[in-house]
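Student: Right, I'll just put the structure down here and ask away after.
The values are calculated or read from the model by the stated rules, or taken from the named source; none is laboratory data. Computed from a prediction, not measured in an experiment: that's the story for all the values here. Here Cβ is always computed from backbone atoms with ideal geometry, including for glycine, and neighbour counts include all displayed protein chains. We work out accessible area using only protein heavy atoms, side chains counted, and drop any ligands, DNA or RNA first. Shrake-Rupley method; radii C 1.70, N 1.55, O 1.52, S 1.80 Å.
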Amino acid sequence: MKNLLFPILFAFNILIIQAQIPSEEFDKTKMEYKGSKSMQAKMLMRHVDIWGKINEKEAKLDVTYLELLNSSIGITKEQLQKHLHSKNITNNEIGGDINSPISHIIVGNKKVFAKYFVIHDVSSPVYKTDFPTNINDESWSFNNVNKWSKKVTHVYLTRTGKSKTVADFSEGLRATKFELKILGVPSRGLYVHIELVQPRVYPPGNIKNAPVAPKPGFTNAQYEKLALLYICSSFRKGEWLVPAFHANIDQNLNDSHDDPQNFETQKFTDNVLKILLEIKKT
Ligand SMILES: [Zn+2]
């Protein structure tokens, strides 16, 4: 969530790598990024390095996951509901009732349901030098979901895997510079937003923003719940959403962000595939 502005570094990236810049690949007539869903995911899931630098030309995504992205949802409402019941998961943990449709925008005169699942980190709280040793335990107070209530996302997800809905997935919400400053109100409902809890520390020296994230960046409990949120939101659309990182959406825009840091894409897609198998067995 921290604002970072490094025009020189960004300019350097463009010259050397000439990778696609998502905001320049967006087709406003269709209200989506150009290319197939796989191509979009490879552009929007590029790894975000420290200071929000994006050095990957395209994300290395699991082949089985890419096949899934282009296939139908493949699970029934009964299967998903049974799975949620068996794990005692409430609607408040998963962005709302899976029976109600996901948010939508209007393109032409047509309703178009959300297309993108945006992954953020909260970049807070910020510590001066070191992380407390208990950031992945219940005893760390920021793992209490009640700490998080600002409606700048649909769902908050703590490091112990607890989640809380602050805006139902059926509600349109804008949370990136691209939505707020470039696309404007017509984009409200196109993106679904998830904030993962992740603290930061300052690097040595005298710098305004805190860029240093823990390693690993997120816990297995976070990847598992994030995968479930992805499945539930996609189920409500009736089609797989394209996952994206905030920093990629806002790349090269003023005040672009650096989140999520130290995200391991393979852990996310592994969990999506694993949970889907569990749901099918339910
Ligand atoms: Zn963000």
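Student: Tell me the trypsin sites (Lys or Arg not before Pro) within the range 200-282 that lie in a loop according to DSSP and have at most 14 other beta-carbon atoms within 10 Å. Before the final figure, lay out the partial values.
Tutor: Values: sites: R200, K208, K225, R236, K237, K267, K274, K280, K281; in loops: K208.
Listed in order of number, the matching sites are K208.
Student: Then there is this: Could you work out how much longer the chain between K111 and T64 gets when fully extended? Use 0.36 nm per residue separation minus the Cα distance between them, nm to one decimal.
Tutor: Values: separation 47, 0.36 × 47 = 16.92 nm, distance 3.03 nm.
So the chain would gain 13.9 nm between K111 and T64.
Student: Once R0 is set to 30 Å, what does the formula 1/(1 + (r/R0)^6) return for the Cβ-Cβ distance between S141 and S72, expressed as a FRET efficiency to the nearest 0.05?
Tutor: The computed FRET efficiency comes out at 0.10.
Student: Let me ask you something else. Would you work out what percent of the accessible area of the chain, with all protein chains in place, is carbon or sulfur (probe 1.4 Å)?
Tutor: Values: 6730 of 12710 Å².
Accessible surface attributable to carbon and sulfur in the chain totals 53 percent.
Student: Within the range 24-281, what percent of beta bridges assigned by DSSP are antiparallel, to the nearest 5?
Tutor: Details: 11 of 26 bridges.
Percent antiparallel among DSSP bridges in the range 24-281 is about 40.
Student: Spelling out what I want: for every residue of the range 189-196, take phi, set θ = phi - 60°, compute 6.51 cos²θ - 1.76 cosθ + 1.60 (Karplus), and round to whole Hz; glycine and proline get x.
Tutor: Karplus values, whole Hz, x for Gly and Pro: x, 7, 10, 9, 10, 10, 9, 8.
Student: Continuing with this model, one more query. Residue-wise, which Karplus ³J(HN,Hα) couplings in Hz belong to the range 67-72, taking 6.51 cos²θ - 1.76 cosθ + 1.60, θ = phi - 60°, and x for glycine or proline?
Tutor: Coupling constants for the range 67-72: 5, 4, 3, 9, 10, 6 Hz.
Student: So, R0 is 25 Å and r is the distance between the beta-carbons of K280 and T90; what FRET efficiency does that work out to, to 0.05?
Tutor: On the way: r = 22 Å, r/R0 = 0.89.
It comes to 0.65.
Student: Moving on. Which pairs in the list K57/K181; K30/K110; K147/K181 are over 20 Å apart, alpha-carbon to alpha-carbon? Intermediate values should be presented prior to the final figure.
Tutor: Numbers: K57/K181 25 Å; K30/K110 11 Å; K147/K181 28 Å.
Too far apart for the 20 Å limit: K57/K181; K147/K181.
Student: If one computes the Cα centroid of the range 148-178 and of the range 87-128, what distance in Å separates the two points?
Tutor: Answer, in whole Å: 7.
Student: Please compute the contact order of the range 46-174 in relative form: average sequence separation of alpha-carbon pairs under 8 Å and at least six residues apart, divided by the residue count, as a percent.
Tutor: With pairs under 8 Å counted, the relative contact order is 22 percent.
Student: To continue, here is another question. I need the phi-derived Karplus couplings for the range 259-266: 6.51 cos²θ - 1.76 cosθ + 1.60, θ = phi - 60°, integer Hz, Gly and Pro marked x.
Tutor: Residue by residue, the range 259-266 yields 9, x, 9, 6, 7, 9, 4, 4 Hz.
Student: Which whole-number value in Å² is the accessible area per residue of the chain, probe 1.4 Å? The partial results should precede the final answer.
Tutor: Details: 12710 Å² over 282 residues.
For the chain, the per-residue accessible area is 45 Å².
Student: Then there's this: So what does E78 come to for accessible area, using a 1.4 Å probe and Å² rounded to 10?
Tutor: Accessible area of E78: about 130 Å².
Student: Take every Cα-Cα pair in the range 145-268 and report what % of them are more than 25 Å apart.
Tutor: Values: 1939 of 7626 pairs.
Every Cα pair in the range 145-268 considered, those over 25 Å come to 25 percent.
Student: Would the chain count as rounded, prolate or oblate if I go by the C-alpha gyration tensor, calling it rounded below 1.5 in a/c and otherwise prolate when a/b exceeds b/c, oblate otherwise? The partial results should precede the final answer.
Tutor: On the way: a/c = 1.58, a/b = 1.13, b/c = 1.40.
It comes out oblate by the Cα gyration axes.
Student: If r is the Cβ-Cβ distance from N55 to D97 and R0 is 51 Å, what FRET efficiency results, to the nearest 0.05? Walk me through the intermediate numbers first.
Tutor: Values: r = 40 Å, r/R0 = 0.79.
Calculated transfer efficiency: 0.80.
Student: Given a cut-off of under 8 Å on Cα pairs at least six residues apart, what relative contact order in percent is computed for the chain? Could the numbers behind the result be given before it?
Tutor: On the way: 564 pairs, mean separation 82.1, N = 282.
Reported as a whole number, the value is 29 percent.
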